[in-house]
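Heads up: the structure comes next, in C-alpha cells.
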Amino acid sequence: MDFDSSWDGYWNFKEPIDVLMKIHRDLGDKGFDFFIFDYAIIFYFKKFRHLDKNTIKSLFANTNIDRVFGIIDIVFEFLGIPAKGIIKQIGKVVGPAWGEYIKKRKINDKVIKDIQKFGENELLGYLPEYLARDINASMSKVKTPQRLVMFFDTYEALWGFEGKITSNHNYEMIDIWLRRFLTNLELKNGIVVVVAGREPPNWSNVNDYWEIPEEYIDLYAVDFLSSGDALTYLEKAGIEDGERREAIVSNIEEHGLVHPFLLGLCADAELAKIRRGIAFDSNDYPFEKRSQKILTQAIHRFLRYTDQDTSMAFKALSAFRTFDESLYHLLGEKLNFSHTATSFRTISGYSFVKEYTHSGEKGLATAGLCLPTVFCLFQSCINTTSA
C-alpha cells in the first residue's frame with residue numbers, strides 16, 4: 001500500500017498537528033493502531049486547546065472510531081487517576097490487542113506519566129514521535145501491508161510562497177517536527193518516505209538530535225521531461241493530432257529535453273484552439289528559444305486563443321497568490337466578465353492552476369505559488385495581448 005499525504009498545497013508548519021492528523025486519518029482505516037498517539041493528542045487537545053469532547057470526536061475519522069471515542073472518554077473521565085490506572089482503562093477499550101501492542105511498543109506507566117506532565121510545547125514536540133512509533137508497531141500486524149510508501153509533496157511550502165531557506169536556524173525550527181517524525185520510523189520494517197520539493201533537504205546539517213545522516217538520504221533531481229514523455233503528455237492531455245504534438249515538442253525542446261511548465265502552457269493553448277475549432281497552423285511556430293522570450297511567446301499564444309472573459313479573468317486573478325470560486329465570482333461581478341460555474345471549472349483545469357490546502361481550507365493557486373516571476377510575466381503579457 002502506498003500512502004500519499006496529498007499535502008501538495010501549504011504545509012502549515014505552525015500546526016504540524018494538521019499533517020499528523022492527516023496521516024492518522026489515511027492510515028487509520030488500513031489496519032494501523034495509534035493508541036498512545038491517540039491518548040497523547042487527545043490529552044493535548046483537552047488540556048492545552050481546551051476543546052470539548054464532541055469537538056475532539058469530530059477530528060477523528062477511521063474504522064477504529066469506537067476505540068478512539070473510548071480513549072476520548074478516558075481522557076475526560078479519568079484525567080486525575082494514576083498512570084497505571086490509565087493503562088488499565090485503555091486496555092478495557094482496546095481489548096486483547098492491547099497486550100500485544102504494549103509488548104511491541106514497550107509501553108509502561110512512564111509513557112503516560114510523561115504525557116500528563118509535559119508542558120504544551122514539549123508534548124506538541126513529542127507527537128510526531130508517538131505517531132511514528134505507533135506506525136512501527138503496526139507494521140508487523142497481519143492486517144497491515146508489508147510495505148508503506150509515504151509521499152510528501154511540495155516540501156518548499158514550509159518556507160512560504162518563495163520557498164527559500166533564510167537561515168539554518170529558521171530551517172531547524174520550521175521542519176524539526178518532520179525530521180522528528182522521520183527519524184523515529186523504522187525503515188527496516190518496509191517503510192519508504194519520498195519527499196518532493198524545489199529545495200533539497202538540509203537534514204544532515206542541523207544542530208539538533210533529529211539530524212538525518214546523509215546515508216539515509218537519496219537525492220534525485222527531477223527536472224525536464226524527455227521529448228518522448230512530452231509527446232505522451234500531450235496525447236493524454238487530449239491533443240489527438242500527431243502533427244500538432246510533434247510541432248509543439250520540436251519547437252520547445254532543447255537537447256531532447258522539455259520544460260514541464262512550458263509544455264503544459266503550450267498544451268493549454270493548443271486545446272483552446274481545438275475548442276474554438278481553429279485549425280492547426282504551423283506559423284504558430286517556431287518559438288525563439290531563449291528562456292524568457294520563449295515563455296513570453298507561449299503565454300501570448302495561450303492568451304491569443306482564449307476568449308475575452310478568460311483573458312479578463314486571468315488579468316484579475318494574477319493579482320492574487322491564491323483564489324477560490326467565491327473570489328472568482330466576486331471579481332467577475334465587479335469587473336464585468338462572465339463568471340459561471342462552468343467557466344470556473346475551465347479556469348481551474350489549466351496546467352498552471354493547482355489545488356492547495358492551508359489551515360484546513362481548500363482553494364486554488366496560480367503558478368505564482370511556485371513560479372512567481374513566471375506569473376508576473378503572465379500578468380504583463382495579459383496587459384499587452386488582445387483577445
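The values are calculated or read from the model by the stated rules, or taken from the named source; none is laboratory data. Computed from a predicted model, the values in this text were never measured in an experiment. Counting neighbours? That spans all protein chains shown, and the Cβs are built from the backbone with ideal geometry, glycine included. Note: accessible area is taken over every heavy atom of the protein model, side chains too, but ligands, DNA and RNA are not part of it. Shrake-Rupley method; radii C 1.70, N 1.55, O 1.52, S 1.80 Å.
Table for the structure above
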| item | result |
| --- | --- |
| Net +/- balance of residues flanking residue 97 in space, Cβ distance below 10 Å, scoring K and R +1, D and E -1 | 0 |
| Residue-wise HN-Hα coupling along segment 179-189, computed from phi with Karplus coefficients 6.51, -1.76, 1.60 (Hz; x: Gly, Pro) | 5, 5, 5, 5, 5, 9, 7, 8, 5, 5, 7 |
| Segment 93-129-segment 31-46 distance, computed between alpha-carbon centres (Å) | 8 |
| Size of electric dipole in segment 56-133: Cβ of Lys, Arg +1 and of Asp, Glu -1, about Cα centre, debye, nearest 20 | 380 |
| Placed amide H near residue 196: partners under 5 Å, 5+ positions off or other chain | 152, 153, 154, 155 |
| Largest-first ordering by accessible area, 1.4 Å probe, given options 255, 24, 300 | 255, 300, 24 |
| Which listed pairs, of 46/103; 46/110; 30/104; 22/57; 113/143; 22/354, have C-alpha distances above 22 Å, in listed order | 46/103; 113/143 |
| Peptides 201-214, 342-355 ordered by average Cβ neighbours within 10 Å, highest first | 342-355, 201-214 |
| 5 angstrom amide H check on residue 191, placed H, neighbours 5+ away | 148 |
| Integer Hz, Karplus 6.51/-1.76/1.60 couplings in order for segment 262-277, x for Gly and Pro | 5, 4, x, 5, 5, 5, 4, 5, 5, 5, 4, 4, 4, 5, 8, x |
| Estimated vicinal HN-Hα couplings, Hz - segment 111-127 in sequence order (Karplus 6.51, -1.76, 1.60; Gly, Pro = x) | 4, 5, 4, 4, 4, 6, 9, 4, x, 4, 5, 5, 5, 4, x, 7, 4 |
| Cross-link partners of residue 334 among aspartates and glutamates (Cα-Cα below 20 Å; sequence separation of 8 or more within a chain) | 307, 309, 324, 325 |
